[in-house]
Amino acid sequence: MRSIIYCFLFLAAVVVYSCREAKPVVTKRPTTAPARPVVAAKPVPPKPVAIKPAPTKLAVPKVVLPAIDTVETEEEIANRIFRLNSPAPPKREFRAVWIATVDNIDWPSKKGLPVADQQRELVNMFDQHQQMGLNAVVVQVRSAADAFYAKSSEPWSEWLTGQQGLAPQPFYDPLEFMIEQAHQRGLEFHAWFNLDRATFSKASSVAPTNIIYRKPEWMLTYGGRKLFNLGVPAVRSYIAGIVANVVREYDVDGIHFDDYFYPYSEPGQVLRDDSTYRAYGNGMTKGDWRRDNVNKLVVELRDSIRANKPWVKFGISPFGIWKNQANDPEGSATNGGQSYYDIYADTRKWVREGLIDYIVPQVYFSSEFGRVPYKTLVDWWTRNSGNCHLYVGHGAYRVGRGSERDPGWWRPTEFPNQMRYNRQQRAVLGSVFFSAKNLQLNPLSIRDSLQTNFYRHPALVPAMPWLDSIPPLPPRDLKVVTSPEAVELFWNQPAEAIDGDGANSYLVYRFEGRRLPVRLDDPRCIVGQCVGESSTHFIDKTADPRKRYVYVITSVDRLHNESREVAIRVR
C-alpha cells in the first residue's frame with residue numbers, strides 16, 4: 001500500500017511540474033513599489049548599527065546549479081506534510097521586558113557604579129534578552145524629573161551616579177549607549193518615562209537645578225513626594241516638551257509611560273489641588289476634571305511625538321482594571337482597584353479613540369486570584385482594545401511567590417498557562433515582563449520556559465500600518481556559494497521604497513526540498529536575521545550537505561513591514 005501511495009505522489013508531481021513554467025534560479029522582484037496610498041512623508045531615520053560588519057568584497061565564483069530535479073524524496077514529502085499540518089508559532093509578537101532604573105531595581109545594580117561596570121551590566125543584560133528571544137526593551141530613562149541621558153534640561157539621575165545632577169565620569173551618554181547596544185541586537189528601544197514624580201522620597205538626592213526649585217507653583221505634596229500638578233496647562237506642556245526633546249535627539253523606537261498619573265490613594269493623605277480646580281475646572285466634577293487633565297496630556301504627548309518623528313510609537317502601561325462591573329456594567333467582572341477612579345486614567349477612552357499606539361495593561365494576577373482572575377481581565381481587554389495594539393503586562397516578580405489569597409503563583413504551570421492563553425486570543429499581540437531582574441533570577445524556570453519554548457523561534461514586532469504601511473523593496477542580486485561545511489548567501493541592499501525607507505534588517509528562510517510551498521508565515525523556517533542595512537551576507541553552517549534547499553531572503557524596514565521575497569535553490 002505504501003509503495004502505491006509513493007508512486008501516485010511521484011506521478012502527480014511530474015504532471016503538475018509539466019504544467020508549470022520553468023522558474024529561474026534567482027528570483028528577483030521588480031524594484032518599482034506597488035500602487036498604494038502613501039503615508040505622511042517622514043525623514044529617513046538614522047541607520048542603526050549593524051550587528052555584523054559588512055563583508056569584505058570577495059571574488060564570488062559564478063554559481064552553477066545542478067539541473068532541477070522535480071522528484072521529491074520520501075523525507076522531503078514527510079517534511080512538507082508536517083509543515084503544512086502542524087500549527088506554526090506566531091511570526092509577529094511583541095516580546096519585551098521592563099528595565100527599571102528607579103531605586104536601582106534593575107540597572108545599574110547600585111548607585112555610583114563605575115562607568116565600565118554600568119556598561120558591562122547592560123551589555124550582559126541585553127545579551128541575555130537577545131538569547132531569550134525578546135525583540136524589544138522598555139528602559140526607564142526618567143524616574144523623578146531626572147535623566148539617564150545627557151541632552152536634557154533636567155539633572156542627571158541619582159540612581160546613575162549617586163548624586164542628582166552629577167554627570168558620569170568618565171563621561172558618556174547612557175541613552176545613546178543603550179540604544180546602540182539594543183539596535184545591534186535587533187531589539188527595539190522604548191524610552192520609559194515617569195510623568196508624575198518630581199522627587200522620589202524625602203531621602204532622595206535633589207539637585208539645585210531640579211524643577212521643584214524652579215517652578216514650586218507647579219508642585220503638589222503627597223505621600224512624602226513632590227508631584228507635578230497635571231491640572232496646570234503649563235505642566236502638561238513641560239512634560240510633553242521633555243518627551244519631544246528625547247524624540248528629536250535620540251534614535252528611540254517608542255515612548256512609554258507607566259501607570260502613575262494621579263497618585264494612588266494613601267491613608268490620611270489629601271491631594272490639595274483645589275485652587276487649580278477652581279481656576280480650570282470649567283464646571284466639571286473634580287474627578288472628571290482630573291481625568292480630562294490626563295486625557296489632554298495624552299493627546300499633547302501624542303501630538304509632540306508625531307510632530308517630531310511620526311514613526312516613533314507611543315504606548316502606556318496602566319493598572320490592569322479600567323472599571324469593575326459593580327461600578328459600570330461595561331467594566332470587567334473583577335473586584336479590585338480601578339484606574340478610572342483611583343488614578344483618573346480613562347484607559348478605555350485612549351484605545352477606543354486611537355490616542356496611543358499600544359497599551360500594556362498590568363495583569364499581575366494569577367488565574368486563581370478570586371478578585372481579579374487573570375483570564376477574566378485579559379478577556380475584557382481583548383474585547384476593549386480598540387484601535388491600538390494590546391500587549392499583556394506580566395508580573396514576573398510574582399512567579400514562585402504565591403499567597404493564601406493568590407496561590408496560583410506557587411504553581412510552575414501558572415506562567416506557561418498565561419502565555420498559552422494569550423496566544424489563543426487573536427487580539428493579544430505580545431507580552432511585557434516586569435522586570436529584568438526577575439527574568440535573570442529565573443524563578444520556577446520562567447526564563448528557560450521563554451527561551452526554549454515560547455520564544456524558541458524568532459518573531460517580528462507586529463506592524464503598525466497607521467504609522468507605516470509601505471513595505472521595503474526586496475534584496476537584489478541574491479547569490480549563493482556552497483561547500484561541504486556551509487552555505488553562504490550574498491545579496492545587495494534594496495533601493496529605497498516610495499516612502500524613503502530602506503531595509504533595517506533581513507530575514508533568511510530555509511525550506512527543504514524543491515517543491516515545498518514557501519511559507520513565510522512560519523518562523524520555524526527562519527534560520528537567520530541580519531541586522532543593519534549593510535548586513536548582506538549570511539553563512540548557514542547548519543545546512544546538511546546531502547539535502548536540497550530553497551533559501552528565501554526578505555527585507556524588513558524600521559516599522560517591521562516585510563518585503564516580497566527573493567529565492568534561490570541550492571543543490
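The values are calculated or read from the model by the stated rules, or taken from the named source; none is laboratory data. Values in this document were obtained by computation on a predicted structure and should not be read as measured data. Here Cβ is always computed from backbone atoms with ideal geometry, including for glycine, and neighbour counts include all displayed protein chains. Just the protein is used for accessible areas: all its heavy atoms, side chains included, with ligands, DNA and RNA removed. Shrake-Rupley method; radii C 1.70, N 1.55, O 1.52, S 1.80 Å.
Out of VAL527, VAL566, VAL556, which single residue is out of contact with any helix residue (DSSP H, G or I) (no Cβ under 7 Å at 6 or more places or on another chain), without any contact (Cβ under 8 Å) to a residue 60 or more places away in the chain and either within 18 Å of ALA182 (Cα to Cα) or of a type in the set (A, V, I, L, M, F, W, C) (or both)?
Working: VAL566 fails: without any contact (Cβ under 8 Å) to a residue 60 or more places away in the chain; VAL556 fails: without any contact (Cβ under 8 Å) to a residue 60 or more places away in the chain.
On inspection, the qualifying residue turns out to be VAL527.
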*Inspect the stretch 172-184 for any residue being assigned to a helix (DSSP H, G or I), open to solvent by less than 10 Å² (accessible area, probe 1.4 Å), closer than 19 Å to VAL102 by Cβ and touching a Leu at 6+ places or on another chain (Cβ under 8 Å) and give the result as yes or no.*
yes
_Identity of the residue in the stretch 459-476, open to solvent by 50 Å² or more (accessible area, probe 1.4 Å) and assigned to a loop (DSSP other than H, G, I, E, B), that ends up farthest from LYS91 (Cα to Cα)_ = TRP466
*Check the stretch 527-540 and report whether any residue there is open to solvent by less than 30 Å² (accessible area, probe 1.4 Å), under 30 Å from ILE359 (Cβ atoms), touching a Lys or Arg at 6+ places or on another chain (Cβ under 9 Å) and of a type in the set (D, E, K, R).*
no
*Out of (1) in contact with a Gly (Cβ under 8 Å, 6 or more places away or on another chain); (2) surrounded by fewer than 21 Cβ atoms within 10 Å (Cβ to Cβ), the odd one out for PHE434 is which?*
(2)
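One line per residue, one yes/no per condition, for (1) at pLDDT 95 or above; (2) over 26 Å from PHE257 (Cβ atoms); (3) aromatic (Phe, Trp, Tyr); (4) in a loop (DSSP other than H, G, I, E, B):
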residue: TYR391; (1), (2), (3), (4): yes, no, yes, no
residue: ARG405; (1), (2), (3), (4): no, yes, no, yes
residue: PRO416; (1), (2), (3), (4): yes, yes, no, no
residue: ARG423; (1), (2), (3), (4): yes, yes, no, no
residue: GLY430; (1), (2), (3), (4): yes, no, no, no
residue: PHE433; (1), (2), (3), (4): yes, no, yes, no
residue: GLN440; (1), (2), (3), (4): yes, no, no, no
residue: GLN451; (1), (2), (3), (4): yes, yes, no, no
*asked:* Conditions first: (1) within 20 Å of GLY224 (Cβ to Cβ); (2) part of a loop (DSSP other than H, G, I, E, B); (3) modelled with pLDDT of 95 or more. LEU195 passes all but one, so which condition is the exception?
replied: (3)
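Give the residues of the stretch 438-451 that are over 18 Å from the mean Cα position of the chain (by Cα) and surrounded by fewer than 22 Cβ atoms within 10 Å (Cβ to Cβ), sorted by residue number. If you could, list the steps in order and put the result at the bottom.
The initial filter retains those residues of the stretch 438-451 that are over 18 Å from the mean Cα position of the chain (by Cα), namely 438, 440-446, 448-449.
Within the stretch 438-451, GLN440, LEU441, ASN442, PRO443, LEU444, SER445, ASP448, SER449 qualify.
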*Can you name the number of the only condition in (1) within 24 Å of the chain's Cα centre (by Cα); (2) outside any loop (DSSP other than H, G, I, E, B); (3) more than 30 Å from HIS457 (Cα to Cα) that TYR149 fails?*
(2)
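Are any of the residues in the stretch 267-274 over 28 Å from the mean Cα position of the chain (by Cα) and over 28 Å from SER237 (Cβ atoms)?
From the stretch 267-274, those over 28 Å from the mean Cα position of the chain (by Cα) are 267-274; that's our starting set.
Of the ones still in play, those that are also over 28 Å from SER237 (Cβ atoms) are 267-268.
Yes, because at least one residue in the stretch 267-274 is over 28 Å from the mean Cα position of the chain (by Cα) and over 28 Å from SER237 (Cβ atoms).
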*Tell me which residues, restricted to the stretch 108-132, are in contact with a Phe, Trp or Tyr (Cβ under 8 Å, 6 or more places away or on another chain), open to solvent by 20 Å² or more (accessible area, probe 1.4 Å) and not in a helix (DSSP H, G or I).*
LYS111
*Residue list for the stretch 253-269, filter: in contact with a strand residue (DSSP E or B) (Cβ under 8 Å, 6 or more places away or on another chain) and assigned to a loop (DSSP other than H, G, I, E, B)*: ASP253, ASP258, ASP259, TYR260, PRO263, GLU266, GLN269
_Test: SER366 is open to solvent by less than 10 Å² (accessible area, probe 1.4 Å), under 24 Å from ARG420 (Cβ atoms), among the hydroxyl-bearing types (Ser, Thr, Tyr) and out of contact with any strand residue (DSSP E or B) (no Cβ under 7 Å at 6 or more places or on another chain)_ = yes
